[in-house]
1. Report the gain in length on full extension from Val55 to Val67: 0.36 nm times residue separation, minus Cα-Cα distance, nm rounded to one decimal.
2. Just to confirm, what accessible area per residue do you get for the range 22-133 at 1.4 Å probe, in whole Å²?
3. With every protein chain present, what accessible area does Ser81 have (1.4 Å probe, heavy atoms only), rounded to the nearest 10 Å²?
4. Determine ³J(HN,Hα), in whole Hz, for all residues of the range 74-86 in sequence, where each value follows from phi through the Karplus function 6.51 cos²θ - 1.76 cosθ + 1.60 and θ = phi - 60°; x replaces Gly and Pro.
5. Quick one: 3J(HN,Hα) in Hz for the range 55-71, Karplus 6.51/-1.76/1.60 with θ = phi - 60°, rounded, Gly and Pro as x.
6. Given a Förster radius of 22 Å and the C-beta distance between Asn32 and Lys108 as r, what FRET efficiency does 1/(1 + (r/R0)^6) yield to the nearest 0.05?
7. Given the Cα-Cα distance of Leu25 and Ile41 and 0.36 nm per residue of separation, how much length would full extension add, in nm?
8. So, with a 1.4 angstrom probe, what is the percent of accessible area on the range 68-144 that is carbon and sulfur?
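The values are calculated or read from the model by the stated rules, or taken from the named source; none is laboratory data. None of the values given here were measured: they were computed from a predicted structure. In this analysis, Cβ positions are derived from the backbone assuming ideal geometry, glycine residues included, and neighbour counts consider all displayed protein chains. Note: areas computed on protein heavy atoms with side chains; ligands, DNA, RNA excluded. Shrake-Rupley method; radii C 1.70, N 1.55, O 1.52, S 1.80 Å.
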Amino acid sequence: MVVLLIGEPAPIDIDIDSTVNLCALDITKAFNRLNHDGLFINLMRRFIPATLLNVLEKWLGICYTYVSWNSAYSRMFKLTSGVRQGGVLSPYLFAAYIDDLINHVHSKQIGCMYNFVNTCIVMYADDILLLAPSVHSLQILVSTRESMRGR
């Protein structure tokens, strides 16, 4: 879908001779590092019903794993951060968690206009695409993303 946005002619509100600068980022081990407390705070801000929050808390609280190496296995241990890789809810929970980053980047009002909408960040799972009309603006967006690291 990102290729379609960038690659095909579309009503973009920039000059014909303008360039679109982009930066592709991959958040390393993003699904593994998701902070459960931060996730629940973001879900509460969205007024998710308490019963659903309780179900999610219990669901995340029973996640255990082990490490295997050659034919040896570690003891089971509880996962205290992250969401299940390949889980049906995982992309949605990650999106709710990362929404603050998207809003913070978008609040800079730096980006390319697409159908009269400021488009400065496109995300799919843990892949981020930043779009800006200049290299300087792109650096501001990258720096904004870096300043949010660890939140």
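1. Values: separation 12, 0.36 × 12 = 4.32 nm, distance 2.68 nm.
In short, 1.6 nm is gained.
2. Details: 7280 Å² over 112 residues.
I get 65 Å² per residue for this part.
3. Probe radius 1.4 Å; accessible area of Ser81 about 50 Å².
4. Result, ordered by residue: 7, 6, 5, 9, 7, 8, 9, 8, x, 10, 5, 5, x Hz.
5. Ordered by residue, 3J(HN,Hα) equals 4, 5, 4, 5, 4, 6, x, 9, 7, 10, 8, 8, 10, 10, 9, 6, 10 Hz.
6. Numbers: r = 28 Å, r/R0 = 1.28.
According to the calculation, E is roughly 0.20.
7. So the extension gain works out to 3.2 nm.
8. On the way: 2820 of 4740 Å².
C and S fraction of accessible area: 59 percent.
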